[in-house]
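Notes for the one structure printed next.
The values are calculated or read from the model by the stated rules, or taken from the named source; none is laboratory data. Here the structure is a predicted model, which is why all the values come from computation and not from measurement. Here Cβ is always computed from backbone atoms with ideal geometry, including for glycine, and neighbour counts include all displayed protein chains.
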Amino acid sequence: MPTPALKITNLRKVYRRRGNVAVDDLSLTIEEGDFFGFLGPNGAGKSTTIHCVTGIAEPSGGSIEIFGLDSVKQYREARRLVGLCPQEFNVDPFATPVQIVDWMGGYFGMSAAQRKSRIDALMESFDLTEHRKKQFRELSGGLKRRVVLARALVHDPRLIILDEPTAGVDVELRRVLWRYLTEINAQGRTILLTSHYLEEVERLCRDIAIVARGRIVREGSKDEMVAGPGGLEQAYLTATGAEADHVAGQ
Amino acid sequence: MTTLPTNLSPMGVNWIGLATMVRREVQRMVRVPIQAFIAPWISALLFIFIFGFVVGGRINTIGGHRYLEFVLPGIVMLNVVNAAFLQSSSAIYFSRFIKFIEEMLVAPLSYAEMIVGNLSVVVLRAALTGIGIMVMGLFFGATHIESLALFLFWIVSVSAIFGLLGIIVGLWSKSFEQLNMPVVFFLTPLSMVGGVFNTVEMLPDWLRWLAWANPIFYFINGIRGAMIGVDETPPGLGIGLTLLLLAILGGTVWRLYSKGYGLRE
């Protein structure tokens, strides 16, 4: 049986200061090569789960394996295999796109020659070449999103985690991104995507998990979820309890 | 499918990652040359001119040295302390505030590499600041070095101490107001009464304990001993205190990083 790209077992994350349980006994397995949609309402625990996987947050309990590597005990090897495109622009606003991507490549131990050729390729792929020397703060929202994506991909990770990558971007970039992600997924990269755009998930993903109140409330193939009455939207509303709440409120 | 090779040395150290941290901070420093270097150099030049040259012309020699020669090591140390503290505290706080510290958290970098990377830039900035002031002192004929080894020891160890202190404050601060508090309430007052401009003997008896209880007094005397051979503290006491502080602060920073304090959610 092949090693899963990501295996989360009984993950729990408690924010003691805020006094809330963000993720509660969450288990999830993503096979290598999958294009996986991770859906849920705001505050459901999607970003916290991603932060635990990537090392931004420290899990309170449970375990996370990335291609069979423990994300805590073997963090160096595990992190080399993951690229994160976060929801927020966590970028030095005074740096240029080239610097941002170059520094990230450096952190991942890539040599100067490796970084240079990779940066050139990414700048071209995301139409950033003419903006490569501008400060990040001078770029439009769509261009900023492209830079953050390029940064996530600089070390050519086997597992790519995209936390709402198309939020607030125009149709053109969304299509460029969809095409790029489809291509790299076809090349064997595993992709975990969170999005509030159900049509995006429906178009790109093969498997889907829906999370609510820190727990997985439904998991299965996209085909299975889309096949039901009302399609993915109905499946999502039913799983998250939003529909029942909505009806009760009337 | 192939993944780009990334390099980890046989010693298990991510040297390229470490070098990148240093390179990045140097690039940030270069973006703000006035804040990083010009301001402390101008301030030091004014100190040298007013206290060393104008006022000092009316003061007798101290330990056989002109007043300017006596004051210069203190001015160097004062600026080394400030540069070290400001570099690490602002680098850590700014990266937390904007959240680009997450770039390092998701990368295969160890806590030790993050701390060493930070401190390397701290020492570099503090040393450059100090060297600039020493060059100014040359124009006034006041720059001497009696022991290069001791001089380097004091520059490196004191900048590391205040770099570590800056890391702690950078991790602890939740606002720019908090970030500035230690400078206003501790660093500046302690530096000013740390023997930059006077010997302990010049202080009234009832105030001398303040000098002996002030760690910066030992650092200033240490570097003064290395530069002109005048050191009021008992031999070895300053070095011992410095090593002790390095160990305590180093241990504290290591523990904070290990717990993810101020770093990880």
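Annotations for the structure displayed:
Table: residues versus (1) farther than 26 Å from B:I248 by Cβ; (2) not in a helix (DSSP H, G or I).
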{"position": "B:V169", "(1), (2)": "no, no"}
{"position": "B:K174", "(1), (2)": "no, yes"}
{"position": "B:E177", "(1), (2)": "yes, no"}
{"position": "B:N180", "(1), (2)": "no, no"}
{"position": "B:V183", "(1), (2)": "no, no"}
{"position": "B:L190", "(1), (2)": "no, no"}
{"position": "B:V196", "(1), (2)": "no, yes"}
{"position": "B:E201", "(1), (2)": "yes, no"}
{"position": "B:L207", "(1), (2)": "yes, no"}
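- Output for the stretch A:27-37, where each listed residue is within 18 Å of A:S63 (Cβ to Cβ) and touching a Lys or Arg at 6+ places or on another chain (Cβ under 6 Å): A:T29
Quick grid of which residues meet (1) touching a residue at least 12 places away in the same chain (Cβ under 8 Å); (2) closer than 30 Å to A:L81 by Cβ; (3) more than 18 Å from the chain's Cα centre (by Cα):
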residue	(1), (2), (3)
B:I48	yes, no, yes
B:N60	no, no, yes
B:P73	yes, no, no
B:V122	yes, no, no
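- The residue of the stretch A:110-130 that is nearest to the other protein chains (Cβ to nearest Cβ), among those that are touching a residue at least 12 places away in the same chain (Cβ under 8 Å) and under 23 Å from B:N118 (Cβ atoms), is A:M110.
- Top-ranked residue in the stretch B:124-159 [being among the polar types (S, T, N, Q) and farther than 22 Å from B:V30 by Cβ; ranked as nearest to the chain's Cα centre (by Cα)]: B:S157
- Residue match in the stretch B:77-91 (condition: within 14 Å of chain A (Cβ to nearest Cβ), surrounded by 23 or more Cβ atoms within 10 Å (Cβ to Cβ) and either within 24 Å of the chain's Cα centre (by Cα) or not basic (K, R) (or both)): yes
- In the condition set (1) over 15 Å from A:L173 (Cβ atoms); (2) part of a loop (DSSP other than H, G, I, E, B), A:D127 is compliant with all but (1).
- Cβ pairs under 6 Å, 6+ apart, first in the stretch A:223-243 and small (G, A, S), second not in a helix (DSSP H, G or I): A:A235/A:G228; A:A239/A:I210; A:A239/A:V217; A:A239/A:R218
- Test: residue in the stretch A:10-23 that is among the basic types (K, R), more than 14 Å from chain B (Cβ to nearest Cβ) and more than 23 Å from A:A235 (Cβ to Cβ): no
- Set B:A107, B:A112, B:A126: member being closer than 24 Å to A:F94 by Cα, within 14 Å of another protein chain (Cβ to nearest Cβ) and not β-branched (V, I, T): B:A107
- Pairs where the first residue, in the stretch B:251-265, is within 12 Å of another protein chain (Cβ to nearest Cβ) and the second is β-branched (V, I, T), C-beta under 6 Å, 6+ apart: none
- Pairs where the first residue, in the stretch B:192-205, is more than 19 Å from B:S43 (Cβ to Cβ) and modelled with pLDDT of 85 or more and the second is charged (D, E, K, R) and not in a loop (DSSP other than H, G, I, E, B), C-beta under 8 Å, 6+ apart: B:V200/B:R208
- Some residue of the stretch A:53-70 being surrounded by 20 or more Cβ atoms within 10 Å (Cβ to Cβ), touching a Lys or Arg at 6+ places or on another chain (Cβ under 9 Å), within 22 Å of A:M225 (Cα to Cα) and not hydroxyl-bearing (S, T, Y): no
- When the stretch A:172-191 is filtered for residues that are within 14 Å of chain B (Cβ to nearest Cβ) and either surrounded by 14 or more Cβ atoms within 10 Å (Cβ to Cβ) or in contact with a helix residue (DSSP H, G or I) (Cβ under 8 Å, 6 or more places away or on another chain) (or both), the ones remaining, listed by number, are A:I184, A:N185, A:R189, A:T190, A:I191.
- Any hit, the stretch A:201-216, residues being within 14 Å of chain B (Cβ to nearest Cβ), small (G, A, S) and outside any helix (DSSP H, G or I): no
- Residue check, B:R23 surrounded by fewer than 21 Cβ atoms within 10 Å (Cβ to Cβ), at pLDDT 95 or above, farther than 20 Å from B:F197 by Cα and within 14 Å of chain A (Cβ to nearest Cβ): yes
- Hits in the stretch A:29-64 (condition: closer than 14 Å to A:L159 by Cβ, more than 10 Å from every other protein chain (Cβ to nearest Cβ) and touching a helix residue (DSSP H, G or I) at 6+ places or on another chain (Cβ under 8 Å)): A:F35, A:F38, A:I64
- Listed conditions (1) small (G, A, S); (2) at pLDDT 95 or above; (3) in contact with a helix residue (DSSP H, G or I) (Cβ under 7 Å, 6 or more places away or on another chain) are all met by A:G228, apart from (2).
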